[in-house]
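Quick notes on the structure that follows.
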Amino acid sequence: MIFSFDLLFEALIFGVLLGCFYAAVSIGLSVSFGLLDVPNVAHPAVMILGSYATYVVASYGIDPIVAGVILMPAFFVLGILIYRFYYEAFEKRGTEAGVRGLAFFFGLAFIIEVGLILAFGVDQRMAQAAYIGSSLELGEYRIPYRMLVAFGVALVLTFALTVYLSKTFTGRAIKAVAQDEPALRLMGANPVRIKQWAFGIATGVSALAGAMLIIVGPVEPALDRLYIGRTFCVVVLAGLGSMTGTLAAGLILGIAESIVLMMLGASWAPAVAFGLLLIVLGIRPQGLFGR
Amino acid sequence: MKLSRRDVLKAGAALAVSAGIPGRAFAQQGPVKVGMSMPQTGTLGAGGQAALVALRLWVDEVNQKGGLLGRKVEFIAYDDQSNPANTPGIYTKLLDVDKVDLLIAPYGTVPTAPVMPLVKQRGLLLMGNFSFQVNAKVQHDMWFNNSPWNDAASWSDGFMKNGQKLGAKSIAFLAADQEFAQNLANGARALAKKAGMKVSYDQNYPPATTDFSSLIRSIRAARPDMVFVMSYPNDSVAIVRAVNEIGVGSGVKMFGGGMVGLQFTPIMSSLGSLLNGIVNYNSYVPGMKYPGIEDFLQRYAKKAAEAKVDPLGFYLPPFNYAIGQMLEQAVNGTKSLDQKKMAEYLRKNEMKTIVGPIRYDKSGEWANPRVVQAQFRGVVDKDIEQFRKPGKQVVIYPDAYKTGDVIAPFEKARKAR
Amino acid sequence: MTYWIGALVVLAAALGAALSGMNEYFFYAAFVVLQFVVLATAWNILGGYAGYVNFGTAAFFAIGAYTAVVLFKWLGAPLAVQIVAAALVSGLLGFGVGMLTLRLRGIFFAIATVAVIFIMETMMVNWRYVGGATGLQLLRPDVIAPFDSYTRMLFAVMALLAVIAVSVARYVQTSWIGRGLRAIRDSEEAAECSGVPTLKLKLFACTVSGALMGAAGAPMPMYLSFIEPASSFNLSYSVSALAMPMIGGTAHWLGPIIGALLLGSIQQIVTVTISNEINVLVVGVLLVLFVVLAPDGVIGLFKRWTRYFK
């Protein structure tokens, strides 16, 4: 194990970039699970679907980020459909549906994963772009451009979603439905329509998250398993329903992973997210900023 | 593309018709079944698909000559997806359900390792397929490997010796945590110790690793004189990209050594100029004179174009075709399919193949290894044909095939023409 | 009483088959199906009876397998000892996970069980003694008479384990423990208020479930002559162990058996004839279909039809 302050500093920078990326990837789940209480374990799988969709669209010569943005409306619709189905089949039927709802999303995640294997094989896919493969040189430090791009997009996304939820009418209605559904109904708004819309947004955001994922590194169909840990870790650590919390939690996870990678080596890095999740669940289940 | 037995039979029938076989009368006992699992998808997939084309070519040509012992050869190949967990089940199926007569190992150390106890316990002949030291623990006496290396020394010697000639005093090891890389790493560490080199860095990474920036950064911080990498295709690609992105330090004289995958045509063409400067092992590069290989490569190129697979076929196909040739010689030499007799025949006799003569030692590996170390030079992007002519991979070891001296340091070699 | 007669008949049939001259591959495939009977039955004790969804079946299964490997490599222990040890270790793991997370809501328990898979897998990947990421090749010991081959013996052992698992599940279901678990599933708050010791019962179910899963995992290394982390901790064990009871019916001990036999056999046939991927897809699709259309599983459908025809 080599230790030097240079390496530590580089690990920290990398951790911040990575952490912001994790936050952006988890923000959709923050909405669907944190606010709407939908046990959406298929969220990472949908995101990987977004990565592959980006790969296909980008193969026509379109920049991956642009491809991701183009896909957002389609995924928005997909999200509405999924939520509608979930609502009709499970949420309407009451508490017993909790177990089955969870099983449903688990099954959905699996179907997506296998569908991708059938369509694309188990091989890894990468996106091509001018900024993938070169780095920014600051003295002794090299920061890969792909991380900077993902970092930039992630910040913009998180900021935009936070503003949306606090400043616009629908955004505030979404937060309201999370806090007090009967009250919202009394005020004349239809909670099911609002939840549907929110889930659509969460899924649309996943398309862009998927685009960022394939920029940061190669994707393969089984990648969703690793990201279940990362996204749920961020969402739980943040505290359900907190958007700014998501950013903070993402940063914590990113830095923790980067440091573990540097000090203990690549073998322990995948366990960091899950380990952190278990610790949070054990000590402070409501997270940092939870309601 | 995963092939079921039905697909294979259909393909075999189609090829038989196209070769004008219907007129030929094969013996009544039924076909000689040759079975294997081949990684056609997953990290080894690109190599496996090319190897399969060569094997099918051999099957066609043997059937045109009248088959084995007058019986048609039927070839059954499943896809193990480069996943070692799939191979025990597949080989059990081949033996108990498909009832094959002869077994060929899957391409690669990792998919082959789990099958070794199975074939040892059942006393079966297994033709090895480019695996490294996979028989070391099990010590099966009916194992014959087609790859031109023997132990770690035969593989790493060239790389280490050249590094020492350039004055390297310290070395960094980066190895995947899987059977092949670990076998090689153990040998390489011993060699480094014997040469009195300091090990500045020694790290294993889990096979699923996709981001090497942190590892490359650590290597750079350790300031080694040479870097020996032992990796599988997916990691090799990621490592080459990371090195180009982050840089490994101006003090590194040589980089590479044991990176599998940089011999696969699709990977060579997709990495292009990123490969320049890397010194890596290979089994065959254009210019090496083996009897019949150039003719084979032309026959192969036609089939490969149809199958939309690696059009050059330098790395695995000739050696897989050689497996076929060796099976043919053993069957004809013993006039039987008796596995024990065939094993004795293979042990005692020198095999004549398109990759030269092969003689086996006690462990089932080549008595005279023929691994080359070559440096990538002047490679440009998006051009497959550039690799057909000698010159893009300059052989620096062994002397018998040498075409040039290594250019160091590594950063300088990256820009050399 | 009829149950025990039935169980003995099943055991006798399994033994008879193992000693007969049937094609070796049958035992190879049947072993996997029986293994799923145990896994599905074990899952259902916590998942079906109590309503706590465990995604981490793969972890308990794999830890059972690794325990067996350690005992085999270190002490040369016979299979029976390996199985008992595996059950103990996995049971302990179940207890530990339960202590940590069963106080939380259902979905947090579920996510935590996914975490257990990854953490256990990472630990095994970093442990060189059991092969690390590379894996370990194992040479089977000589087969014990009267069996002809080791695979047949493993088949018979797994049949015995299946009977044991189902008997345990049946006991839990029909006893006061089962009543308590059902109360928890229907409404945990109400159960608490009525004085049901919810945490103790949940812990018990989680421990027993884990132990049985570990026992199912113990013969696996001998079956493959090989162990390695990625395939041992494969998520499809978790999905299958969840899908089979959901398909068969979660309220009764027969449900997991039906689900395992049905789905397991389909899986084996598809793997041999079509492909490995479609096999996994089938599991996912059937799971979603049953969860949405037939929440009470095959047993529920059967009850509905018989009522319809009365």
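The values are calculated or read from the model by the stated rules, or taken from the named source; none is laboratory data. In this text the structure is predicted, and so the values were computed from the model without any measurement. No Cβ is skipped: glycine too gets one built from the backbone with ideal geometry, and neighbour counts run over all protein chains shown. In case anyone asks, the SASA skips ligands and DNA or RNA and just uses the protein heavy atoms, side chains included. Shrake-Rupley method; radii C 1.70, N 1.55, O 1.52, S 1.80 Å.
Based on this model, can you work out whether C:M1 counts as modelled with pLDDT under 90, farther than 22 Å from C:M124 by Cβ and more than 13 Å from every other protein chain (Cβ to nearest Cβ)?
Yes, satisfied.
For residues that are assigned to a helix (DSSP H, G or I) and closer than 29 Å to B:F180 by Cα, tally how many sit in the stretch B:60-95.
Keep residues of the stretch B:60-95 that are assigned to a helix (DSSP H, G or I), which gives B:60-64, B:87-95.
From what's left, closer than 29 Å to B:F180 by Cα: B:87-95.
So the answer is 9.
Being crowded, with 24+ Cβ neighbours inside 10 Å and either within 14 Å of chain B (Cβ to nearest Cβ) or hydrophobic (A, V, I, L, M, F, W, C) (or both) is true for just one of C:F309, C:F204, C:F302, C:F233. Which residue is that? Outline the logic, then answer.
On the way: C:F309 fails: crowded, with 24+ Cβ neighbours inside 10 Å; C:F204 fails: crowded, with 24+ Cβ neighbours inside 10 Å; C:F302 fails: crowded, with 24+ Cβ neighbours inside 10 Å.
The unique qualifying residue is C:F233.
Would you say A:V25 is part of a helix (DSSP H, G or I), without any contact (Cβ under 8 Å) to a residue 12 or more places away in the chain and more than 30 Å from C:M246 (Cα to Cα)?
So A:V25 fails the test.
Filter the stretch A:1-22 down to residues that are free of Cβ contacts under 8 Å to residues at least 40 places away in the same chain and of a type outside the set (F, W, Y) and give me whichever is surrounded by the fewest Cβ atoms within 10 Å (Cβ to Cβ).
Filtering the stretch A:1-22 down to residues free of Cβ contacts under 8 Å to residues at least 40 places away in the same chain leaves A:2, A:4-5.
From the residues that got through so far, the ones that are of a type outside the set (F, W, Y) too are A:2, A:4.
Working: A:I2: 17, A:S4: 12.
The residue in question is A:S4.
Of all the helices (runs of 4 or more DSSP H) wholly in the stretch A:30-123, which have at least 1 residues that are open to solvent by 20 Å² or more (accessible area, probe 1.4 Å) and more than 14 Å from chain C (Cβ to nearest Cβ)?
Numbers: elements: A:43-58, A:64-89, A:97-120.
Ranges flagged: A:43-58, A:64-89.
Taking the stretch C:236-275, which residues are within 14 Å of chain B (Cβ to nearest Cβ), outside any helix (DSSP H, G or I) and open to solvent by 50 Å² or more (accessible area, probe 1.4 Å)?
First pass over the stretch C:236-275, keeping only residues within 14 Å of chain B (Cβ to nearest Cβ): C:236-237, C:267-275.
Still in the list and also outside any helix (DSSP H, G or I): C:274-275.
C:I274 - this is the single residue of the stretch C:236-275 that is within 14 Å of chain B (Cβ to nearest Cβ), outside any helix (DSSP H, G or I) and open to solvent by 50 Å² or more (accessible area, probe 1.4 Å).
So B:K2 clears everything in (1) open to solvent by less than 30 Å² (accessible area, probe 1.4 Å); (2) closer than 30 Å to C:Y223 by Cβ; (3) modelled with pLDDT under 85 except one condition, right? Which one?
Failing condition for B:K2: (1).
Would you mind finding the one in A:M187, A:M147 that is within 9 Å of another protein chain (Cβ to nearest Cβ) and either more than 30 Å from A:F9 (Cβ to Cβ) or open to solvent by less than 30 Å² (accessible area, probe 1.4 Å) (or both)?
One residue alone meets the criteria, A:M147.
Restricting the stretch C:120-148 to residues that are outside any loop (DSSP other than H, G, I, E, B) and surrounded by fewer than 18 Cβ atoms within 10 Å (Cβ to Cβ), which is farthest from the other protein chains (Cβ to nearest Cβ)? Explain how you work it out, then say what you get.
Residues of the stretch C:120-148 that are outside any loop (DSSP other than H, G, I, E, B), as a first pass: C:120-125, C:128-130, C:136-137.
Next, only the ones that are surrounded by fewer than 18 Cβ atoms within 10 Å (Cβ to Cβ) stay: C:123, C:128-129.
Working: C:M123: 8, C:R128: 9, C:Y129: 14 Å.
Among those that are outside any loop (DSSP other than H, G, I, E, B) and surrounded by fewer than 18 Cβ atoms within 10 Å (Cβ to Cβ), it is C:Y129.
Just for the stretch A:234-286: of the residues that are out of contact with any helix residue (DSSP H, G or I) (no Cβ under 8 Å at 6 or more places or on another chain) and either within 12 Å of chain C (Cβ to nearest Cβ) or outside any helix (DSSP H, G or I) (or both), which one is least open to solvent (accessible area, probe 1.4 Å)? If you could, list the steps in order and put the result at the bottom.
Filtering the stretch A:234-286 for residues out of contact with any helix residue (DSSP H, G or I) (no Cβ under 8 Å at 6 or more places or on another chain) gives A:263-265, A:279, A:283-284, A:286.
This time we only want the ones that are either within 12 Å of chain C (Cβ to nearest Cβ) or outside any helix (DSSP H, G or I) (or both), so: A:264-265, A:279, A:283-284, A:286.
Values: A:L264: 109, A:G265: 4, A:I279: 94, A:I283: 133, A:R284: 111, A:Q286: 90 Å².
So the residue we want is A:G265.
Of everything in the stretch B:137-156 that's in contact with a Leu (Cβ under 7 Å, 6 or more places away or on another chain) and either hydroxyl-bearing (S, T, Y) or away from chain C (no Cβ under 14 Å) (or both), which residue is surrounded by the fewest Cβ atoms within 10 Å (Cβ to Cβ)?
B:A153
Taking helices (runs of 4 or more DSSP H) that fall entirely within the stretch C:1-114, which contain at least 2 residues that are charged (D, E, K, R) and in contact with a Pro (Cβ under 9 Å, 6 or more places away or on another chain)? Give the derivation first.
Values: elements: C:2-19, C:24-47, C:57-75, C:79-101.
No helices (runs of 4 or more DSSP H) qualify here.
Hey, any hits in the stretch A:222-245 for a residue that's charged (D, E, K, R) and farther than 19 Å from A:A273 by Cα? Before you say what the answer is, go through the steps one by one.
Taking the stretch A:222-245 first, the residues charged (D, E, K, R) are A:224-225, A:230.
If we keep only those that are farther than 19 Å from A:A273 by Cα too, we end up with none.
No.
Taking the stretch B:119-134 only, how many residues are open to solvent by less than 10 Å² (accessible area, probe 1.4 Å) and within 12 Å of chain C (Cβ to nearest Cβ)?
2
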